[in-house]
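A.B. asks: Quick one: the structure is below, questions incoming.
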Amino acid sequence: YEHREEDGNFIPNAIAVAGESADQPAQPTSGGITFDEFYGEVVVPIVADRPGVDSLTLSAAARYSDSDRFDAETGTKFALNWAPTGNLMLRASYAEGFRAPNIGELFNLGTRFDTAIADECDALTTPTVPVPANCAQLVPPGYQQLNPQISVTTGGNPDLQPETSETWTAGFTWDTGLDAGAIDQFLIDVNYYDISIDGAIQAPNAQATLDACIATLDPFFCDAVNRTANGTIARIDGILANIGGVETTGLDFNFDLGLDESRIGTFRFQ
(Lines give C-alpha, C1' and ligand atoms only; values in the text may rest on other atoms or scores of the structure.)
Protein backbone atom coordinates (compact mmCIF):
# COMPACT_ATOMS: atom_id res chain seq x y z
CA TYR A 1 0.00 0.00 0.00
CA GLU A 2 1.24 3.48 -0.81
CA HIS A 3 -0.14 6.89 0.10
CA ARG A 4 1.38 9.67 -1.98
CA GLU A 5 0.91 13.43 -1.96
CA GLU A 6 2.35 15.48 -4.81
CA ASP A 7 2.50 19.26 -4.51
CA GLY A 8 4.40 21.72 -6.66
CA ASN A 9 4.60 25.29 -7.83
CA PHE A 10 6.46 27.39 -10.36
CA ILE A 11 6.83 31.14 -9.83
CA PRO A 12 8.28 33.03 -12.83
CA ASN A 13 9.48 36.57 -12.31
CA ALA A 14 7.19 39.48 -13.13
CA ILE A 15 9.13 40.43 -16.27
CA ALA A 16 8.68 36.93 -17.74
CA VAL A 17 4.99 36.94 -16.83
CA ALA A 18 4.51 40.26 -18.66
CA GLY A 19 6.37 38.98 -21.73
CA GLU A 20 8.92 41.80 -21.55
CA SER A 21 12.04 39.61 -21.60
CA ALA A 22 13.88 37.75 -24.36
CA ASP A 23 12.53 34.50 -22.91
CA GLN A 24 9.09 33.14 -23.68
CA PRO A 25 6.41 34.47 -21.31
CA ALA A 26 5.13 32.05 -18.66
CA GLN A 27 2.46 32.09 -16.01
CA PRO A 28 2.69 30.76 -12.43
CA THR A 29 1.66 27.19 -11.66
CA SER A 30 0.55 25.68 -8.38
CA GLY A 31 -1.41 22.60 -7.38
CA GLY A 32 -1.40 19.16 -5.82
CA ILE A 33 -2.75 15.61 -6.11
CA THR A 34 -3.17 12.83 -3.52
CA PHE A 35 -3.05 9.11 -4.32
CA ASP A 36 -3.84 5.90 -2.46
CA GLU A 37 -2.64 2.76 -4.20
CA PHE A 38 -2.59 -0.98 -3.56
CA TYR A 39 -0.24 -3.25 -5.51
CA GLY A 40 0.31 -6.98 -5.56
CA GLU A 41 2.32 -9.45 -7.62
CA VAL A 42 2.60 -13.22 -7.70
CA VAL A 43 5.19 -15.35 -9.51
CA VAL A 44 4.28 -19.02 -10.03
CA PRO A 45 6.90 -21.55 -11.16
CA ILE A 46 4.87 -24.16 -13.09
CA VAL A 47 7.36 -26.67 -14.51
CA ALA A 48 11.13 -27.03 -14.30
CA ASP A 49 13.86 -29.46 -15.34
CA ARG A 50 11.72 -31.49 -17.72
CA PRO A 51 12.40 -32.48 -21.34
CA GLY A 52 11.58 -29.44 -23.51
CA VAL A 53 10.92 -27.32 -20.42
CA ASP A 54 13.95 -26.07 -18.55
CA SER A 55 11.56 -23.67 -16.77
CA LEU A 56 8.02 -22.34 -17.20
CA THR A 57 6.91 -19.41 -15.04
CA LEU A 58 3.70 -17.39 -14.89
CA SER A 59 3.50 -13.98 -13.21
CA ALA A 60 0.50 -11.78 -12.52
CA ALA A 61 0.20 -8.33 -11.00
CA ALA A 62 -2.49 -5.76 -10.25
CA ARG A 63 -2.49 -2.14 -9.08
CA TYR A 64 -5.48 -0.24 -7.74
CA SER A 65 -5.05 3.55 -7.84
CA ASP A 66 -7.41 6.11 -6.31
CA SER A 67 -6.89 9.87 -6.20
CA ASP A 68 -8.74 12.93 -5.02
CA ARG A 69 -9.24 14.16 -8.61
CA PHE A 70 -10.04 11.08 -10.70
CA ASP A 71 -12.09 7.91 -10.62
CA ALA A 72 -10.30 4.86 -9.28
CA GLU A 73 -8.51 2.66 -11.82
CA THR A 74 -7.23 -0.93 -11.69
CA GLY A 75 -4.43 -2.12 -13.96
CA THR A 76 -3.30 -5.71 -14.45
CA LYS A 77 -0.32 -7.47 -15.96
CA PHE A 78 0.22 -11.11 -16.98
CA ALA A 79 3.47 -12.58 -18.23
CA LEU A 80 4.67 -16.04 -19.26
CA ASN A 81 8.35 -17.04 -19.46
CA TRP A 82 9.27 -20.37 -21.05
CA ALA A 83 12.81 -21.69 -21.35
CA PRO A 84 12.80 -24.82 -23.58
CA THR A 85 16.53 -25.18 -22.91
CA GLY A 86 19.07 -23.56 -20.65
CA ASN A 87 20.19 -21.12 -23.36
CA LEU A 88 16.82 -20.03 -24.84
CA MET A 89 14.11 -17.97 -23.12
CA LEU A 90 10.74 -17.19 -24.77
CA ARG A 91 8.44 -14.60 -23.18
CA ALA A 92 5.10 -12.89 -23.71
CA SER A 93 3.13 -10.38 -21.66
CA TYR A 94 -0.03 -8.29 -21.54
CA ALA A 95 -0.31 -5.17 -19.38
CA GLU A 96 -2.79 -2.39 -18.69
CA GLY A 97 -1.35 1.05 -18.00
CA PHE A 98 -2.62 4.11 -16.16
CA ARG A 99 -1.04 7.57 -15.95
CA ALA A 100 -2.64 10.47 -14.13
CA PRO A 101 -1.92 14.02 -15.37
CA ASN A 102 0.90 15.68 -13.47
CA ILE A 103 0.74 19.04 -11.69
CA GLY A 104 1.93 21.06 -14.69
CA GLU A 105 -0.49 19.35 -17.06
CA LEU A 106 -3.38 20.11 -14.73
CA PHE A 107 -2.64 23.54 -13.30
CA ASN A 108 -0.21 25.38 -15.60
CA LEU A 109 -1.81 28.74 -16.41
CA GLY A 110 -0.06 28.98 -19.75
CA THR A 111 3.08 29.70 -21.70
CA ARG A 112 3.82 30.78 -25.25
CA PHE A 113 6.14 29.80 -28.08
CA ASP A 114 6.47 30.91 -31.72
CA THR A 115 6.37 28.57 -34.70
CA ALA A 116 6.03 28.75 -38.48
CA ILE A 117 2.37 28.48 -39.55
CA ALA A 118 1.05 28.59 -43.12
CA ASP A 119 -2.36 30.25 -43.48
CA GLU A 120 -4.37 28.83 -46.40
CA CYS A 121 -6.38 32.07 -46.52
CA ASP A 122 -3.28 33.92 -47.75
CA ALA A 123 -3.44 34.08 -51.55
CA LEU A 124 0.31 34.81 -51.80
CA THR A 125 1.40 31.70 -49.88
CA THR A 126 0.13 29.26 -52.51
CA PRO A 127 -0.72 31.35 -55.58
CA THR A 128 -1.41 28.27 -57.72
CA VAL A 129 -4.00 26.93 -55.23
CA PRO A 130 -7.39 28.67 -54.89
CA VAL A 131 -8.11 30.22 -51.51
CA PRO A 132 -10.73 28.08 -49.69
CA ALA A 133 -14.23 29.53 -49.90
CA ASN A 134 -14.57 29.56 -46.11
CA CYS A 135 -11.82 32.19 -45.90
CA ALA A 136 -14.37 34.83 -46.93
CA GLN A 137 -15.88 34.44 -43.44
CA LEU A 138 -12.52 34.62 -41.67
CA VAL A 139 -10.42 37.33 -43.39
CA PRO A 140 -11.10 40.47 -45.48
CA PRO A 141 -10.57 40.43 -49.29
CA GLY A 142 -6.93 40.66 -50.33
CA TYR A 143 -5.64 39.30 -47.02
CA GLN A 144 -1.90 38.56 -46.89
CA GLN A 145 -0.02 36.71 -44.18
CA LEU A 146 2.97 38.99 -43.65
CA ASN A 147 4.65 36.97 -40.90
CA PRO A 148 4.68 33.15 -40.82
CA GLN A 149 5.96 33.18 -37.21
CA ILE A 150 2.80 32.76 -35.15
CA SER A 151 2.50 32.77 -31.36
CA VAL A 152 1.07 29.56 -29.93
CA THR A 153 -0.12 29.46 -26.34
CA THR A 154 -0.44 26.25 -24.40
CA GLY A 155 -1.31 25.46 -20.83
CA GLY A 156 -2.74 23.03 -18.33
CA ASN A 157 -6.28 21.78 -18.21
CA PRO A 158 -7.91 20.91 -14.85
CA ASP A 159 -10.49 18.80 -16.72
CA LEU A 160 -7.90 16.32 -18.02
CA GLN A 161 -8.50 12.64 -17.36
CA PRO A 162 -5.82 9.94 -16.89
CA GLU A 163 -4.28 8.16 -19.84
CA THR A 164 -4.90 4.42 -20.08
CA SER A 165 -3.03 1.90 -22.18
CA GLU A 166 -2.75 -1.71 -23.28
CA THR A 167 0.61 -3.28 -24.08
CA TRP A 168 1.36 -6.63 -25.71
CA THR A 169 4.94 -7.88 -25.90
CA ALA A 170 6.62 -11.05 -27.11
CA GLY A 171 10.26 -11.92 -27.54
CA PHE A 172 13.16 -14.22 -26.89
CA THR A 173 16.74 -14.24 -25.64
CA TRP A 174 19.09 -16.80 -27.14
CA ASP A 175 22.59 -17.60 -25.99
CA THR A 176 23.95 -19.06 -29.21
CA GLY A 177 26.64 -20.98 -27.39
CA LEU A 178 29.20 -19.63 -29.83
CA ASP A 179 32.67 -20.03 -28.35
CA ALA A 180 35.32 -19.90 -31.03
CA GLY A 181 38.56 -18.01 -31.45
CA ALA A 182 38.39 -14.68 -29.64
CA ILE A 183 34.59 -14.91 -29.21
CA ASP A 184 33.53 -16.02 -25.75
CA GLN A 185 29.75 -15.43 -25.95
CA PHE A 186 27.15 -14.22 -28.44
CA LEU A 187 23.62 -13.33 -27.23
CA ILE A 188 20.63 -12.39 -29.43
CA ASP A 189 17.64 -10.58 -27.93
CA VAL A 190 14.50 -9.78 -29.98
CA ASN A 191 11.31 -8.13 -28.66
CA TYR A 192 8.04 -7.20 -30.37
CA TYR A 193 5.75 -4.59 -28.79
CA ASP A 194 2.26 -3.28 -29.50
CA ILE A 195 1.22 -0.29 -27.37
CA SER A 196 -2.13 1.47 -27.50
CA ILE A 197 -2.72 4.61 -25.39
CA ASP A 198 -6.25 5.97 -25.01
CA GLY A 199 -6.87 9.56 -23.99
CA ALA A 200 -3.23 10.52 -24.52
CA ILE A 201 -2.45 13.95 -23.05
CA GLN A 202 -1.14 16.31 -25.72
CA ALA A 203 -1.55 19.85 -26.95
CA PRO A 204 -3.39 20.06 -30.29
CA ASN A 205 -1.16 20.80 -33.27
CA ALA A 206 -1.45 24.51 -34.13
CA GLN A 207 -1.24 24.02 -37.90
CA ALA A 208 -3.86 21.26 -37.78
CA THR A 209 -6.13 23.48 -35.67
CA LEU A 210 -5.89 26.33 -38.19
CA ASP A 211 -6.46 24.00 -41.15
CA ALA A 212 -9.50 22.44 -39.46
CA CYS A 213 -10.97 25.87 -38.75
CA ILE A 214 -10.64 26.92 -42.40
CA ALA A 215 -12.04 23.61 -43.66
CA THR A 216 -15.05 23.38 -41.33
CA LEU A 217 -15.66 26.80 -39.68
CA ASP A 218 -16.38 24.72 -36.57
CA PRO A 219 -16.19 26.96 -33.45
CA PHE A 220 -14.38 24.13 -31.67
CA PHE A 221 -11.36 24.91 -33.88
CA CYS A 222 -11.98 28.53 -34.85
CA ASP A 223 -12.35 29.75 -31.27
CA ALA A 224 -8.70 28.76 -30.77
CA VAL A 225 -7.53 30.92 -33.71
CA ASN A 226 -7.38 34.57 -32.69
CA ARG A 227 -7.28 37.01 -35.62
CA THR A 228 -7.05 40.81 -35.67
CA ALA A 229 -9.53 42.98 -37.58
CA ASN A 230 -7.40 42.77 -40.75
CA GLY A 231 -7.27 38.96 -40.58
CA THR A 232 -3.75 38.57 -39.19
CA ILE A 233 -3.40 35.65 -36.78
CA ALA A 234 -2.49 37.08 -33.38
CA ARG A 235 -2.14 33.68 -31.72
CA ILE A 236 -3.41 30.12 -31.71
CA ASP A 237 -4.48 28.62 -28.40
CA GLY A 238 -3.86 24.99 -27.63
CA ILE A 239 -4.43 23.88 -24.07
CA LEU A 240 -3.66 20.27 -23.23
CA ALA A 241 -6.41 17.76 -23.98
CA ASN A 242 -7.09 14.03 -24.00
CA ILE A 243 -6.72 13.28 -27.69
CA GLY A 244 -8.07 10.14 -29.34
CA GLY A 245 -4.97 8.08 -28.70
CA VAL A 246 -1.55 6.86 -29.79
CA GLU A 247 -0.69 3.46 -31.26
CA THR A 248 2.83 2.13 -31.65
CA THR A 249 4.20 -1.21 -32.79
CA GLY A 250 7.77 -2.22 -33.42
CA LEU A 251 10.67 -4.61 -33.01
CA ASP A 252 13.76 -4.18 -30.84
CA PHE A 253 16.93 -6.11 -31.65
CA ASN A 254 19.93 -6.44 -29.37
CA PHE A 255 23.15 -8.31 -30.10
CA ASP A 256 25.67 -8.83 -27.32
CA LEU A 257 29.15 -10.08 -28.20
CA GLY A 258 31.70 -10.92 -25.51
CA LEU A 259 35.37 -11.54 -26.26
CA ASP A 260 37.68 -14.03 -24.60
CA GLU A 261 39.31 -12.29 -21.65
CA SER A 262 42.34 -14.61 -21.66
CA ARG A 263 43.34 -13.42 -25.15
CA ILE A 264 42.77 -9.68 -25.42
CA GLY A 265 41.20 -8.48 -22.17
CA THR A 266 37.60 -7.72 -21.29
CA PHE A 267 35.54 -6.37 -24.19
CA ARG A 268 31.81 -6.46 -24.85
CA PHE A 269 30.06 -5.10 -27.93
CA GLN A 270 26.32 -4.33 -28.11
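The values are calculated or read from the model by the stated rules, or taken from the named source; none is laboratory data. What you see is a predicted model, and the numbers here were worked out from it, not measured in a lab. Please note: Cβ atoms are built from the backbone with ideal geometry, for glycine as well, and neighbour counts cover all protein chains shown. Surface accessibility is based on the protein's heavy atoms, side chains included, excluding ligands, DNA and RNA. Shrake-Rupley method; radii C 1.70, N 1.55, O 1.52, S 1.80 Å.
A.B. asks: Helix 206-216 against the longest principal axis of the chain: what's the angle in degrees, Cα atoms only, rounded to the nearest 10?
C.D. replies: 60 degrees
A.B. asks: Roughly what would the spin-label model give for residue 268 and residue 42, points 7 Å off Cα along C-beta, in nm?
C.D. replies: 3.5 nm
A.B. asks: What is the Cα centroid distance between the range 207-258 and the range 79-121, reported in whole angstrom?
C.D. replies: 18 Å
A.B. asks: Please report, as a whole percent, how much of the solvent-accessible surface of the range 121-223 comes from carbon and sulfur atoms (probe radius 1.4 Å).
C.D. replies: On the way: 3390 of 5700 Å².
C and S fraction of accessible area: 59 percent.
A.B. asks: Now for a different question. Provide the per-residue ³J(HN,Hα) series for the range 109-124, in order, calculated from phi with Karplus coefficients 6.51, -1.76, 1.60 and θ = phi - 60°, each as a whole number of Hz, with x at glycine and proline positions.
C.D. replies: Along the range 109-124, the couplings run 7, x, 8, 9, 9, 10, 8, 7, 10, 9, 9, 5, 7, 8, 5, 7 Hz.
A.B. asks: When only alpha-carbon atoms count, how far does the range 61-169 stretch along each of its three principal axes, as whole angstroms with the largest first?
C.D. replies: Extents along the principal axes, in whole Å: 73, 41, 24.
A.B. asks: Considering only protein heavy atoms, with the full assembly of protein chains and a 1.4 angstrom probe, order 1, 64, 94 by accessible area, largest first.
C.D. replies: Details: 1 160, 64 90, 94 40 Å².
Sorted by accessible area, descending: 1, 64, 94.
A.B. asks: Moving on. How much area per residue is accessible in the range 137-270 when the probe is 1.4 Å and only protein heavy atoms are counted (Å²)?
C.D. replies: On the way: 7760 Å² over 134 residues.
The answer is 58 Å² per residue.
A.B. asks: Now, a different point. Can you pull out the GluC sites (Glu not before Pro) in the range 1-57 whose DSSP state is coil and whose Cβ has at most 14 other Cβ atoms within 10 Å?
C.D. replies: Details: sites: 2, 5, 6, 20, 37, 41; in loops: 20.
Taking the range 1-57 and a limit of 14 other Cβ atoms within 10 Å, the loop GluC sites (Glu not before Pro) found are 20.
A.B. asks: Further question: Suppose the chain between residue 124 and residue 14 were pulled fully straight at 0.36 nm per residue; how much longer would it get relative to their current alpha carbon spacing?
C.D. replies: Values: separation 110, 0.36 × 110 = 39.60 nm, distance 3.95 nm.
Extra length available between residue 124 and residue 14 comes to 35.6 nm.
A.B. asks: Within the range 11-55, what whole-number % of the accessible surface is contributed by carbon and sulfur, with the 1.4 Å probe and all protein chains included in the calculation? All intermediate terms of the calculation are to be shown ahead of the outcome.
C.D. replies: Numbers: 1680 of 2980 Å².
Here it works out to 56 percent.
A.B. asks: Can you quote the Å³ per residue value for the convex hull of the Cα atoms in the chain, rounded to an integer? Don't jump to the answer; show the numbers that get you there.
C.D. replies: Values: hull volume 67.1 nm³, N = 270.
Convex hull of Cα atoms, per residue: 249 Å³.
A.B. asks: If all Cα-Cα distances of the range 190-247 are sorted into 5 Å bins from 0 onward, what percent lands in each bin, rounded to whole numbers?
C.D. replies: Result returned by the calculation: 4, 17, 20, 20, 13, 9, 6, 5, 3, 2, 1, 0.
A.B. asks: Let me ask something else about it. Between residue 159 and residue 217, with labels modelled 7 Å along Cα→Cβ, what's the label distance in nm to one decimal, could you check?
C.D. replies: Between residue 159 and residue 217, the label points sit 2.5 nm apart.
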